[in-house]
Structures are given as structure tokens and as C-alpha cells.
Amino acid sequence: MSPVPQQLTPDEIQRRRKRSIAIAMVLAALVLIFYVLTIAKLGPQVLNRPL
Amino acid sequence: MAATPSMTTLSNSAISDRPFVEATTSGGEVADYFALLKPRVMALVIFTALVGMTVTPSHVNPVIGAISLLMIAVGAGASGCLNMWWDADVDAVMTRTRTRPIPAGRIQPGEALSFGLTLSVGSVLVLGLAANWLSAGLLAFTIVFYAVIYSMWLKRSTAQNIVIGGAAGALPPMIGQAVVTGSIGVEGTVLFLIIFIWTPPHFWALALVKAGEYARAGIPMMPNTAGPDSTRRQILAYSVLLAPLGLAPVFLGFGGMIYGLVGLVGGLAMVALSVQVLRRREGEAANKAAMSLFGFSILYLFLLFSALLAEQGLGLFRPVLG
């Protein structure tokens, strides 16, 4: 059965917008977590290299 | 092509057709999704896991420790979300839970299932990458144990549901220790046992008061199957077991004077309140005694773990023995 298109109310559109913002923030937090985690795993020696 | 904000597609799934769940509008508030994670349980999990990390005689990089704690909390939240998905029909008939997002119709069951599964897999993977795969395995076990073994199987089939299911709630200190050491140690195991033995008197005190609601929902809690008097005797038995067990950290050397005092006074109070529950069996006095025990049990566990955190984290540890 094919999906049925349905009109969203203004309230539903606003809720969807808030959910989208929340998802974007979670994704940004994940990027930050992986970056910080990588630096923490590598340790301070990552900065100690000949220029 | 630009998206058309006024249009969306809705598809039906078998999951959405679970009984007792009201039809819902398109998607809930962000707060509803957060509520699916049982934030109060998440806070307790963060707290007990942190204590598990703190009492361990070793150290972890604070960044890795913080990310690990976050993932343990997300994993616990995910298991709570899966529990709410599965128990939506039961939640709908109990006053305490009928306003939860799924029975209230604010979030569709299928959405909650997807949300819970995504967070479960994500939290376990990130914990494995951040800390080690033993702690990730323990977190995965906790999620499966709570969502599948407890929620889907034990809860509706045996009066020992919360006794066995309590293992899921007791595991976070052990996971915390595994994050730090990559192994399971005495400290984490003892904290696991304390929460495990604490769970029956805590939940059965509430179940004594809410027995009617559990009966309507078809959940075989101990007061509904073995009767209130047997439940009261078992509450006392578990409290008598819990009081000395609560002092085990003192004898094992990772609980000091503050912990010992809190453990001794708190353990005796648990036994005394359990005796009151056993003695007061009728009317409002019985409910009051049960709710007093329920409320104090939360305080007792909080104080025990706070004492450990203060002693080990703030350097207030003074050994009782030697």
C-alpha cells in the first residue's frame, strides 16, 4: 500500500522544526565527542613532533 | 528540490497497531522524546556508575570517563525507551504512567522503538570505542536484560520480576568500574549486590500501595500473587539481608568512617521501617508505613553512594579498620 500524503497543521510543522533542530544539535555533539575522544586517546604526544 | 514543509507521508506499521495505544498526531515534542529516556532513572544511573568509577583503585582520563558516563546514561535511557514501547498497554491503565508519551498518544510506538534501538546501538558502540569492549558488552547486556528479559518476559509472567530484573538497575557501578580498569572487580560487584538486594524492598513497598493498579494491568507483582502479608515478610527479610551487606564496603576497605556511619544508621532504619510495614497491615496506616519505607529506601541508597563519592572523590576517606 502506498503512503498517504497528509496535510500538517502549523503546530505539527513547528514540532517538526524543533525536532530537526534537536537532531542537528545531537549530530554536532557527536562530532565534538569523536573529536575530543580522538585527541584524548592520542594523548599529549600528538603535539610533540618535529616541525 | 526544496522540501515542502506542509506535506509529509504517513505509513502504517504493525507496531503502531499495538492495543491500548491512542492514535497520535505527527510526531511529538522534543521533551516527549526526552521523557521516553526516563531522565530520573538516567540521573540515578550516572550517579551509581560514577561511584563505581570513583571507588576503583585506578584512574581514567577524565574526558574518556565523562564520555563513558554519558554513553552509559544514554544506554540506560534507551532501555527505558524500549521498556515504554513494550509496556505502553500496561502504562495506559495505571495512573502513575498513563501520561507517558506513548499511552498519551504524543509519540507513535514505532517511533519510540526506532529511537530506543538507535540509541542502544549507538551508546554501546561509542562506549566500546571510548573505553573498552568489556564495559560496552556489559552495557549491551544491561539494555537487553532490561528491555527483553525483564520487560518482555519476567514482568508479566512471574512475581519475581523485579527481583531478577533488578540486576539491570544494579549493573551501572560494575560498568563504571569496567570503564576504568577493563575488568570486573570486588568493588563493582559489591555495589551491584547492594542495589540488587535493595530493589525488592524498594519496589514491593510501592507495590503494596499500588496493588490494585498492578492487578488491573495484569502485572503479577508479589502482593497480588503471594498476598500482602507474605510480601511484608519478604520485605523484612531482604532489609535484614541488606543492612549488613550495606556495610560490606567498610570490611573490604573501600568504605570509610562516613560510609560506615551512614550504612549502619541507614541499614537499621531500613529494618525498622520494614518492621513497621509488617506490623501495620490495615488502612491508611499500612499505606503510610509502606510509602515511608519506599521514600526512605531511595534516600538510603542515595546516601550510601554519596558517602562513597565524598570519601573517594573528595578525599574524606578515613579507614574504619586498621
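Quick note: the coordinates plus some simple rules give every number you see, no bench work behind them. Quick caveat, the model's predicted, so the values are computed rather than measured. As a convention, Cβ positions derive from the backbone with ideal geometry for all residues, glycine included, and neighbour counts pool all protein chains shown.
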| task | For segment B:266-298, name all the residues that are exposed (fewer than 15 other Cβ atoms within 10 Å of the Cβ), free of Cβ contacts under 8 Å to residues at least 24 places away in the same chain and within 24 Å of the chain's Cα centre (by Cα). | result | B:K288, B:G295
| request: Please indicate, with yes or no, whether at least one residue in segment B:131-152 is surrounded by fewer than 24 Cβ atoms within 10 Å (Cβ to Cβ) and on the phi > 0 side of the Ramachandran plot. | output: no
| message | Any residue at all in segment B:46-64 that's within 14 Å of chain A (Cβ to nearest Cβ) and farther than 29 Å from B:G315 by Cα? | response | no
| request: Could you please give the count of residues in segment B:73-100 that are of a type in the set (D, E, K, R), in a helix (DSSP H, G or I) and buried (at least 21 other Cβ atoms within 10 Å of the Cβ)? | output: 1
| said: When you scan segment B:54-72, do you find a residue that is closer than 18 Å to B:G169 by Cβ, assigned to a helix (DSSP H, G or I) and of a type in the set (V, I, T), even just one? | reply: yes
| remark: Listed by first then second residue, the pairs whose first member lies in segment A:21-41 and is facing chain B (nearest Cβ under 8 Å) and within 28 Å of B:G28 (Cβ to Cβ), whose partner is surrounded by 12 or more Cβ atoms within 10 Å (Cβ to Cβ) and of a type outside the set (V, I, T), with beta carbons under 8 Å and at least 6 positions apart or on separate chains, are A:A22/B:Y33; A:I33/B:L70
| said: Any residue that is farther than 12 Å from B:W204 by Cβ and out of contact with any Phe, Trp or Tyr (no Cβ under 6 Å at 6 or more places or on another chain) - is there at least one of those in segment B:231-238? | reply: no
| Within segment B:175-228, can you find the residues that are of a type in the set (S, T, N, Q), under 19 Å from the mean Cα position of the chain (by Cα) and either buried (at least 23 other Cβ atoms within 10 Å of the Cβ) or under 30 Å from B:R98 (Cβ atoms) (or both)? | B:Q177, B:T199
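Tell me whether segment B:157-165 contains one or more residues that are outside any helix (DSSP H, G or I) and β-branched (V, I, T).
Taking segment B:157-165 and keeping what is outside any helix (DSSP H, G or I), we get B:157-160.
Going one step further and asking which of them are β-branched (V, I, T), we end up with B:158.
Yes, the conditions are met somewhere in segment B:157-165.
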